[in-house]
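First comes the structure, then the notes that go with it.
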């Protein structure tokens, strides 16, 4: 671990388009992506970390914007 690169961050801002559609993806190269979903007009700030902050990108629009609908029941939450 002594030779492992330092984890560094990159900040992203995304404006939500509704709870049933992802507005953007944060891409972590060689790992995958995280879809960002928020209420209409809501400004979301996300900080992502990778070794030396390499391979972090924002993809707008989201690759699979409606994938947020493919989830199980959320207990205690309503959208």
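Quick note: the coordinates plus some simple rules give every number you see, no bench work behind them. Given the structure is predicted, the values throughout are model-derived calculations rather than measurements. Heads up, the Cβs are rebuilt from the backbone with ideal geometry, glycines too, and the neighbour counts pull from every protein chain shown.
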Expressed as a whole-number percentage, the relative contact order of the chain with C-alpha contacts under 8 angstrom and at least six residues apart is 37
Among (i) 13.8; (ii) 14.8; (iii) 12.3, the value of Kirkwood radius over Cα pairs in Å computed for this structure carries the label (i)
Between the modelled labels at residue 9 and residue 70 (7 Å from Cα along Cα→Cβ) the distance in nm is 3.1
Fewest to most Cβ atoms within 10 Å: 60, 21 sort as 60, 21
Pseudo-spin-label distance residue 31 to residue 2, built 7 Å along Cα→Cβ, given in nm, is 2.6
